[in-house]
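Asks: Submitted below is the structure of interest, expressed as structure tokens.
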Amino acid sequence: MAEKDRILVVDDEPYITDLLATGLAFEGFEVEVAATGAEATRLLRATRPDLVLLDVMLPDGEGIEVCRRWREEGESVPVLFLTARDATEDKVAGLAVGDDYVTKPFSLTEVVARIGAVLRRSQADGLEDRPLRFADLVMDVEAREVWRQGVPIELTATEFNLLRYLLENARRVVSKYEILDEVWGYGFEGDPNIVETYISYLRKKIDELDPPLIHTVRRVGYSLRLPRQ
């Protein structure tokens, strides 16, 4: 079964979130709901949605400012604004940081159509150029830059390659020998314990911020995942 696209709906009006959550679930999406910008940011980092439906007017600030902060932190998730404003300058401000907008009142059919269009555009941009993400950890492979919670992290070439392999296999347990083959190469003849050494280096940089993401599975290997509750 194909994985469902995940949508985060952010609006402080319950009848709107109920309508969208029910309608989008019926259309085959997996839906999370938030009522504030702060809650949306937490869910964005925890659930990694494929698209955010973001109201422009939120109790704790402007949705456009929330999206702008996400962009400054390296978040490239597609954002579709929900707005009661239809002035040209408001639309231009939203499109400067977001991907599209729907003006209230709207029909569910229009929202679903716009979601589909934005998702198709974002998926057609090319996976190779898109940042690797897990929780609040972001890697720009092309620029060879890494951030966590918006904070830049300096990595050596080997640390970067090791973290990239963990990100590409997030939530999966990878063995020491898989890592040696993929990061150090099939011809590596040195001490295999070098993996533990570099995992330790990464932890000191990546897991300096909570929650810890790099976990050891005894006698099996390593996994990039959120701590189990």
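Asks: Looking only at the range 95-118, which residues are part of a helix (DSSP H, G or I) and open to solvent by 40 Å² or more (accessible area, probe 1.4 Å)?
Replies: The answer is Leu95, Ala96, Leu108, Thr109, Glu110, Ala113, Arg114.
Asks: Just checking, how many residues over the range 55-76 are over 17 Å from Lys104 (Cβ atoms), crowded, with 16+ Cβ neighbours inside 10 Å and either at pLDDT 90 or above or in contact with a Ser or Thr (Cβ under 6 Å, 6 or more places away or on another chain) (or both)?
Replies: 3
Asks: With the requirement that a residue be among the charged types (D, E, K, R) and modelled with pLDDT of 70 or more, what does the range 86-100 give you?
Replies: Taking the range 86-100 as the starting set, the residues that turn out to be among the charged types (D, E, K, R) are 86, 89-91, 99-100.
Hits for the range 86-100 are Asp99, Asp100.
Asks: Can you tell me which of (1) open to solvent by 30 Å² or more (accessible area, probe 1.4 Å); (2) touching a strand residue (DSSP E or B) at 6+ places or on another chain (Cβ under 8 Å); (3) over 15 Å from Leu213 (Cα atoms) is the one Ala143 doesn't meet?
Replies: Every condition holds for Ala143 apart from (2).
Asks: Which pairs do you get when a residue that is over 15 Å from Arg164 (Cα atoms) and modelled with pLDDT under 85, found in the range 175-190, comes within reach of a residue that is open to solvent by less than 60 Å² (accessible area, probe 1.4 Å) and assigned to a helix (DSSP H, G or I), reach meaning Cβ atoms under 7 angstrom, with the pair 6+ apart or on two chains?
Replies: Close Cβ pairs satisfying both conditions: Phe188/Leu180.
Asks: Turning to a different aspect of this structure: Exactly one of these conditions fails for Gly185: (1) over 20 Å from the mean Cα position of the chain (by Cα); (2) closer than 24 Å to Glu142 by Cα; (3) surrounded by 13 or more Cβ atoms within 10 Å (Cβ to Cβ). Give me its number.
Replies: Going through (1) over 20 Å from the mean Cα position of the chain (by Cα); (2) closer than 24 Å to Glu142 by Cα; (3) surrounded by 13 or more Cβ atoms within 10 Å (Cβ to Cβ) one by one, Gly185 breaks only (3).
Asks: Any residue at all in the range 152-165 that is under 20 Å from the mean Cα position of the chain (by Cα), within 17 Å of Val138 (Cβ to Cβ) and of a type in the set (Ser, Thr, Tyr)?
Replies: Among the residues of the range 152-165, at least one is under 20 Å from the mean Cα position of the chain (by Cα), within 17 Å of Val138 (Cβ to Cβ) and of a type in the set (Ser, Thr, Tyr), which makes the answer yes.
Asks: Looking at (1) in contact with an Asp or Glu (Cβ under 6 Å, 6 or more places away or on another chain); (2) among the aliphatic types (A, V, I, L, M); (3) without any contact (Cβ under 8 Å) to a residue 24 or more places away in the chain, find the lone condition where Leu202 falls short.
Replies: The number of the failed condition is (3).
Asks: With respect to Glu142, is the statement that it is more than 15 Å from the chain's Cα centre (by Cα) and assigned to a loop (DSSP other than H, G, I, E, B) true?
Replies: Working: more than 15 Å from the chain's Cα centre (by Cα): yes; assigned to a loop (DSSP other than H, G, I, E, B): yes.
Considered against the rule, which asks whether it is more than 15 Å from the chain's Cα centre (by Cα) and assigned to a loop (DSSP other than H, G, I, E, B), Glu142 comes out as yes.
Asks: Which of the residues that make up the range 106-118 are at pLDDT 85 or above and within 18 Å of the chain's Cα centre (by Cα)?
Replies: Scanning the range 106-118 gives a single hit, Ile115.
Asks: Another question about this same structure. Checking the condition open to solvent by 50 Å² or more (accessible area, probe 1.4 Å) and farther than 26 Å from Thr47 by Cβ, which residue from Lys204, Lys176 passes?
Replies: Lys204
Asks: Continuing with this model, one more query. Here are some residues: Asp181, Asp191. Which one is over 17 Å from Val217 (Cβ atoms), outside any loop (DSSP other than H, G, I, E, B) and of a type in the set (Asp, Glu)?
Replies: Values: Asp191 fails: outside any loop (DSSP other than H, G, I, E, B).
Just one listed residue meets the conditions, Asp181.
Asks: Would you be able to tell me the number of residues in the range 10-41 that are touching a helix residue (DSSP H, G or I) at 6+ places or on another chain (Cβ under 6 Å), outside any helix (DSSP H, G or I) and more than 17 Å from Glu75 (Cβ to Cβ)?
Replies: 4
Asks: Which residue pairs have Cβ atoms under 6 Å apart, sit 6 or more places apart or on different chains, and have a first residue in the range 32-53 that is open to solvent by 10 Å² or more (accessible area, probe 1.4 Å) and a second that is of a type in the set (Ser, Thr, Tyr)?
Replies: Glu32/Thr47; Val33/Thr17
The values are calculated or read from the model by the stated rules, or taken from the named source; none is laboratory data. Here the structure is a predicted model, which means the values were calculated and not measured. Quick reminder, even Gly has a Cβ in these numbers, built from the backbone with ideal geometry, and neighbours come from all protein chains shown. These accessible areas exclude ligands, DNA and RNA; they are computed on the full protein's heavy atoms, side chains included. Shrake-Rupley method; radii C 1.70, N 1.55, O 1.52, S 1.80 Å.
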